[in-house]
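In what follows, a single structure is set out as structure tokens and then discussed.
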Amino acid sequence: PWIAVSLLVATCPCALSLATPVALTTATGRLARQGMIVTSGHSIEALALATDYVFDKTGTLTDGELSVHNIKPRDGLSARQCLAIANVLESGSEHPIAKAIRIHAQASQPLLLPQIEAHSSIAIPGRGVEARIEGQRYRLGTFDFCAAICVNLNVRAQRNGTASTRNTRVWLARDGAILASIDLSDRIKAEAGTLIEALRAAGKNVHLLSGDGLGAALKVAYELNIDSVRANATPAEKQEYVAALQRSGAKVAMIGDGVNDAPVLAQADVSVAMGGGATLTQSQADAVLISGQPRDLQDAVALTRRTLRIIHQNLSWAFAYNFFVIPLAAIGWVNPWIAGLGMSVSSLLVVLNALRLRGRGI
């Protein structure tokens, strides 16, 4: 009978059952202390195994604090008139471009701006906003979006001018005419380059996927040494870009912060939203990076990879222990108390190995 008892004790899968959950729990706690809140159970493994990291530009690799750099009015309007129209069009939006325009309007002697009101305002994700002012239709957004309500417009020449700018450019249009172009500037985050280098050194493919113009996207890609760039992408096109990577066999991690990023975050194998981004984006993400800093994301990715190594070590130890102890118990070489002691020590080793993830090192 004691052989049967020893065998039952030896085959208890305590260490095996603890190998993965204790490591994931410890890693989740460590990530929370580092500023990343994990909201999905598969996030840690998926971040470690992702082959392609896809980044939005504004607010992710850049500060997201856009500022109006230049307003070029047309059609006989002044820059002040164009700013007033743009300001009222963006009055209900929380997009970084809208915030930048409102801040610029507030700093430009708002009492001297023309007093106008917008009606029937409609926001088109990834394109811009449309409203009626004094009975006329106005649009503010991408060139194609604004050009759609214009006639006799040299589309090719205008689009080439848009592609050449190194800033984020939006357009203001009224039925029949382009009224102005507005250039906005943004700064690349201090440690974004280090993050990209670390991902490339780990063998990851890095992509820049942005709704901004080609010139602005290429500027960031060039400074950060990113080879794969897609600009002027609508939310649907971003989602399809990630889906195409997945069809080719890639495991995709998507990092974004804007409300327009919600569909593509849901499409990716694992997604990370920036803490300062839109609430909708955070609700769709598998993890939220509270600080929004590239260094914290770099540390988080490194920790997930270490967590996977710890899990593999725990599983290897648990399998090896059972492989050797079970035959010895079956032939009577292991007493019940020794089997119990071995089971306890095995489980303790698995837990202690997982607790190494709590340390400062990555």
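The values are calculated or read from the model by the stated rules, or taken from the named source; none is laboratory data. The shown structure was predicted, so the numbers you read here are calculated from the model rather than taken from an experiment. Backbone-built Cβ (ideal geometry, glycine too); neighbour counts: all protein chains shown. Surface areas here come from the heavy atoms of the whole protein model, side chains and all, with no ligands, DNA or RNA. Shrake-Rupley method; radii C 1.70, N 1.55, O 1.52, S 1.80 Å.
Listed values, structure above:
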read-out: Residues being in a helix (DSSP H, G or I), open to solvent by 10 Å² or more (accessible area, probe 1.4 Å) and either within 22 Å of Ser228 (Cα to Cα) or in contact with a helix residue (DSSP H, G or I) (Cβ under 8 Å, 6 or more places away or on another chain) (or both) - total across region 263-282; value: 4
read-out: Test result for Pro13, in contact with a helix residue (DSSP H, G or I) (Cβ under 8 Å, 6 or more places away or on another chain), open to solvent by 50 Å² or more (accessible area, probe 1.4 Å) and at pLDDT 85 or above; value: no
read-out: Which numbered condition Gly41 fails, given (1) assigned to a loop (DSSP other than H, G, I, E, B); (2) open to solvent by 40 Å² or more (accessible area, probe 1.4 Å); (3) over 30 Å from Glu197 (Cα atoms); value: (3)
read-out: Total residues in region 303-339, condition surrounded by fewer than 16 Cβ atoms within 10 Å (Cβ to Cβ), at pLDDT below 85 and of a type outside the set (A, V, I, L, M, F, W, C); value: 4
read-out: Odd one out for Glu240 among (1) open to solvent by 50 Å² or more (accessible area, probe 1.4 Å); (2) in contact (Cβ under 8 Å) with a residue 24 or more places away in the chain; value: (2)
read-out: Region 47-70, residues that are charged (D, E, K, R), at pLDDT 90 or above and open to solvent by 60 Å² or more (accessible area, probe 1.4 Å); value: none
read-out: Where Gly249 falls short, out of the listed (1) at pLDDT below 90; (2) more than 13 Å from the chain's Cα centre (by Cα); value: (1)
read-out: Filter result for Ala221 (assigned to a helix (DSSP H, G or I), open to solvent by less than 40 Å² (accessible area, probe 1.4 Å) and not acidic (Asp, Glu)); value: yes
read-out: Answer from Leu208, Leu214 - the residue that is at pLDDT 90 or above and either open to solvent by 40 Å² or more (accessible area, probe 1.4 Å) or closer than 22 Å to Pro125 by Cα (or both); value: Leu208
read-out: Selection status of Leu89, among the hydrophobic types (A, V, I, L, M, F, W, C) and closer than 30 Å to Arg200 by Cα; value: no
read-out: Scan of region 71-90 for residues that are at pLDDT 85 or above and of a type in the set (Gly, Ala, Ser), ordered by number; value: Ser78, Ala79, Ala84, Ala86
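Yes or no, residue by residue, for (1) assigned to a helix (DSSP H, G or I); (2) open to solvent by 70 Å² or more (accessible area, probe 1.4 Å):
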{"site": "Lys72", "(1), (2)": "no, yes"}
{"site": "Ala84", "(1), (2)": "yes, no"}
{"site": "Ser93", "(1), (2)": "no, no"}
{"site": "Ala100", "(1), (2)": "yes, no"}
{"site": "Gln115", "(1), (2)": "no, yes"}
{"site": "Ser120", "(1), (2)": "no, yes"}
{"site": "Arg139", "(1), (2)": "no, no"}
{"site": "Phe145", "(1), (2)": "yes, no"}
